[in-house]
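The values are calculated or read from the model by the stated rules, or taken from the named source; none is laboratory data. Please read these numbers as outputs of a predicted model, since none were measured by experiment. All Cβ positions, even for glycine, are placed from backbone atoms using ideal geometry, and neighbour counts span all protein chains on display. Quick note on the areas: whole protein, heavy atoms, side chains included, nothing else; ligands and nucleic acids left out. Shrake-Rupley method; radii C 1.70, N 1.55, O 1.52, S 1.80 Å.
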Amino acid sequence: MTTPAESPHCMNTYGRLPMTVSHGRGVRVWDTDGKCYLDALAGIAVNTLGHAHPKLTPALQDQVGKMMHSCNYYHIPLQEALADKLVELSGMTNAFFCNSGLEANEAALKLARKFGHMKGIDLPEIVVYEKSFHGRSLATLAATGNEKIKEGFGPMMGGFIRVPVNNIDALKKATEGNPNVVAVFMEAIQGEGGVTPMGVEYMQQVRQLCDARDWLLMIDEVQCGMGRTGKWFAHQWAGIVPDVMPLAKGLGSGVPIGAVVAGPKAAHIFQPGNHGTTFGGNPLSMRAGVETIRIMEEDKLLDNVVKVGAHLHAALHRELDGLKGVKEIRGQGLMIGIDLDRSCGALMQRALDAGLLLSVTADSVVRLVPPLIITEVEADEVVAILVPLIQTFLAEAP
């Protein structure tokens with residue numbers, strides 16, 4: 001039976017495409033008409049293990065049969081198990097669990113402000129970036145560098161200093177002589193901002209500056225973390241460790257989850273009563289996180305990301321380099337952006353019609369963030385569908 005591709009009683013907050021998802025398996029999903037699609041979006045970098053993973057599914061079914069929710073009045077052993085694993089993988093100290101990337105980033109901002117107040121700073125300020133995206137709450141919206149999504153929600157919360165990416169001189173100039181600066185908050189790779197990576201040398205320079213000036217280095221790994229670049233966290237390519245690291249998206253392979261991992265400088269800022277959550281850290285989401293990491297390790301998915309990511313990058317460069325209208329192909333691992341010289345939102349519908357799920361970010365960047373289980377053969381399928389779409393689109397009058 002066909003389900004109508006409409007939602008008349010849901011708030012009109014999304015520009016939805018006319019397709020209704022029925023089910024998925026591996027890197028493919030089906031709509032309610034039975035049409036199959038290759039998933040190169042993974043729920044926007046969420047479905048780490050694809051759909052209906054044969055190891056994850058029974059583990060979650062087992063957990064549902066035991067307990068889905070317990071409030072944080074009590075100890076939740078799976079919280080400690082996941083926190084212990086995140087500490088091991090990150091080289092950091094402890095973790096707080098919440099429900100989403102927005103909540104994780106909100107907690108990071110609160111940590112930075114309290115860090116400042118503990119130092120006697122009445123009006124703490126946090127350095128943030130042009131074209132950044134940290135969420136849609138009032139605080140994370142103020143930190144975000146996208147003016148379009150702020151329209152209608154002002155006045156914005158103060159306390160932020162905005163700088164361009166990958167420019168250490170601009171950062172130093174913007175903060176020179178300012179005693180109120182408490183933190184630098186960056187995405188290791190800007191996702192919504194166009195799949196724009198922070199340079200390795202730049203991240204190292206910012207780490208050194210934060211150490212020299214006693215600031216917190218806070219790195220938002222919500223979209224680029226959890227193995228998406230071929231390391232557990234994208235900043236690890238620079239050989240640095242942040243003081244605060246928000247996580248979400250891929251950590252639960254589709255189950256809502258967020259986390260803030262803290263290093264020694266930030267680990268003990270929050271005390272009882274400073275922060276909390278009703279649903280965060282519930283047994284179901286914690287089991288999803290624990291099992292996601294276990295399966296990633298067992299199946300050597302970081303190696304797969306490096307291998308298939310390199311294969312996909314090479315194929316896209318081979319087919320698209322030199323094509324008029326393609327400005328740049330950038331990203332790392334299985335987080336790829338194809339930057340075009342014009343708005344290309346129409347490609348989402350065209351790709352859907354051709355059986356491929358993807359997104360367009362920053363208006364002109366085709367974003368590919370497939371499940372980390374994708375194979376080279378499936379990556380070739382993505383290229384075979386996508387390249388002709390881009391070629392045809394760019395051949396049209398701009």
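Only residues that are open to solvent by 50 Å² or more (accessible area, probe 1.4 Å), outside any loop (DSSP other than H, G, I, E, B) and among the basic types (Lys, Arg): list them for the stretch 136-181, please.
Lys148, Arg162, Lys172, Lys173
Looking only at the stretch 70-95, filter to residues that are within 13 Å of Phe279 (Cβ to Cβ) and among the hydrophobic types (A, V, I, L, M, F, W, C); which one of those is least open to solvent (accessible area, probe 1.4 Å)?
Let us first name the residues in the stretch 70-95 that are within 13 Å of Phe279 (Cβ to Cβ), namely 70-72, 76, 79.
From the residues that got through so far, the ones that are among the hydrophobic types (A, V, I, L, M, F, W, C) too are 71, 76.
Working: Cys71: 42, Ile76: 17 Å².
Residue satisfying both the conditions and the ranking: Ile76.
Based on what the data block shows, is Gly250 touching a residue at least 40 places away in the same chain (Cβ under 8 Å), of a type in the set (Gly, Ala, Ser) and in contact with a Ser or Thr (Cβ under 7 Å, 6 or more places away or on another chain)?
Details: touching a residue at least 40 places away in the same chain (Cβ under 8 Å): yes; of a type in the set (Gly, Ala, Ser): yes; in contact with a Ser or Thr (Cβ under 7 Å, 6 or more places away or on another chain): yes.
Yes, satisfied.
Hey, can you tell me all the residues within the stretch 38-55 that are part of a loop (DSSP other than H, G, I, E, B) and either among the small types (Gly, Ala, Ser) or open to solvent by 50 Å² or more (accessible area, probe 1.4 Å) (or both)?
First pass over the stretch 38-55, keeping only residues part of a loop (DSSP other than H, G, I, E, B): 40-41, 46-50, 52-55.
Those that are part of a loop (DSSP other than H, G, I, E, B) and either among the small types (Gly, Ala, Ser) or open to solvent by 50 Å² or more (accessible area, probe 1.4 Å) (or both): Ala40, Gly50, Ala52, Pro54, Lys55.
Only one of (1) open to solvent by 50 Å² or more (accessible area, probe 1.4 Å); (2) in contact (Cβ under 8 Å) with a residue 40 or more places away in the chain; (3) out of contact with any Gly (no Cβ under 9 Å at 6 or more places or on another chain); (4) not in a loop (DSSP other than H, G, I, E, B) fails for Pro58. Which number is that?
With respect to (1) open to solvent by 50 Å² or more (accessible area, probe 1.4 Å); (2) in contact (Cβ under 8 Å) with a residue 40 or more places away in the chain; (3) out of contact with any Gly (no Cβ under 9 Å at 6 or more places or on another chain); (4) not in a loop (DSSP other than H, G, I, E, B), Pro58 is out only on (2).
Within the stretch 2-37, take every residue that is hydroxyl-bearing (Ser, Thr, Tyr) and assigned to a loop (DSSP other than H, G, I, E, B) and give me the one that is nearest to Ala351 (Cα to Cα). Steps first, answer last, please.
We begin by selecting, within the stretch 2-37, every residue hydroxyl-bearing (Ser, Thr, Tyr); these are 2-3, 7, 13-14, 20, 22, 32, 37.
Those left that are additionally assigned to a loop (DSSP other than H, G, I, E, B): 2-3, 7, 13-14, 20, 32.
On the way: Thr2: 21, Thr3: 21, Ser7: 22, Thr13: 22, Tyr14: 18, Thr20: 15, Thr32: 18 Å.
The selected residue is Thr20.
Could you please tell me which pairs satisfy a Cβ distance under 9 Å, a separation of 6+ or placement on different chains, a first residue in the stretch 158-186 that is on the phi > 0 side of the Ramachandran plot and of a type in the set (Gly, Ala, Ser), and a second residue that is in a helix (DSSP H, G or I) and open to solvent by 20 Å² or more (accessible area, probe 1.4 Å)?
Close Cβ pairs satisfying both conditions: Gly159/Arg113.
Go through the residues of the stretch 31-40 one by one and say whether even a single one is modelled with pLDDT of 95 or more, under 21 Å from the mean Cα position of the chain (by Cα) and under 17 Å from Gly250 (Cα atoms). Step through it out loud before you land on a result.
Pass one, the stretch 31-40, residues modelled with pLDDT of 95 or more: 31-40.
Filter once more, keeping what is under 21 Å from the mean Cα position of the chain (by Cα): 38-40.
From what is left, the residues that are under 17 Å from Gly250 (Cα atoms) are 39-40.
The answer is yes, given that some residue of the stretch 31-40 is modelled with pLDDT of 95 or more, under 21 Å from the mean Cα position of the chain (by Cα) and under 17 Å from Gly250 (Cα atoms).
Conditions tested, residue by residue: (1) under 30 Å from Thr48 (Cα atoms); (2) in contact with a strand residue (DSSP E or B) (Cβ under 6 Å, 6 or more places away or on another chain).
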| site | (1), (2) |
| --- | --- |
| Gly135 | yes, no |
| Leu138 | yes, no |
| Lys148 | yes, no |
| Lys173 | no, no |
| Gln190 | yes, yes |
| Arg207 | yes, yes |
| Asp214 | no, no |
| Asp220 | yes, yes |
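Please give the number of the condition Glu125 fails out of (1) surrounded by 15 or more Cβ atoms within 10 Å (Cβ to Cβ); (2) under 22 Å from the mean Cα position of the chain (by Cα); (3) acidic (Asp, Glu).
Going through the list (1) surrounded by 15 or more Cβ atoms within 10 Å (Cβ to Cβ); (2) under 22 Å from the mean Cα position of the chain (by Cα); (3) acidic (Asp, Glu), Glu125 breaks only (2).
Lys66: of a type in the set (D, E, K, R), under 17 Å from Gly281 (Cβ atoms) and exposed (fewer than 14 other Cβ atoms within 10 Å of the Cβ), yes or no? Don't jump to the end; show me each part of the working.
On the way: of a type in the set (D, E, K, R): yes; under 17 Å from Gly281 (Cβ atoms): yes; exposed (fewer than 14 other Cβ atoms within 10 Å of the Cβ): yes.
Yes: the conditions hold for Lys66.
For the list (1) under 30 Å from Ile329 (Cβ atoms); (2) open to solvent by less than 60 Å² (accessible area, probe 1.4 Å), I need the number of the one condition that Asn99 fails.
Looking at each condition in turn, Asn99 falls short on (1).
If you take the residues of the stretch 199-238 that are in a helix (DSSP H, G or I) and of a type in the set (S, T, N, Q), which of them is most open to solvent (accessible area, probe 1.4 Å)?
Checked the stretch 199-238; the qualifying residue most open to solvent (accessible area, probe 1.4 Å) is Gln208.
Does at least one position in the stretch 11-19 carry a residue that is under 23 Å from Leu372 (Cβ atoms) and either exposed (fewer than 15 other Cβ atoms within 10 Å of the Cβ) or at pLDDT 95 or above (or both)?
no
Among the candidates Pro264, Pro272, Pro242, single out the residue that is open to solvent by less than 10 Å² (accessible area, probe 1.4 Å), over 30 Å from Pro54 (Cβ atoms) and assigned to a loop (DSSP other than H, G, I, E, B).
Details: Pro264 fails: open to solvent by less than 10 Å² (accessible area, probe 1.4 Å); Pro272 fails: open to solvent by less than 10 Å² (accessible area, probe 1.4 Å).
Residue meeting the stated conditions: Pro242.
Taking the condition of being open to solvent by 10 Å² or more (accessible area, probe 1.4 Å) and small (Gly, Ala, Ser), how many residues in the stretch 102-122 meet it?
Selection size over the stretch 102-122: 1.
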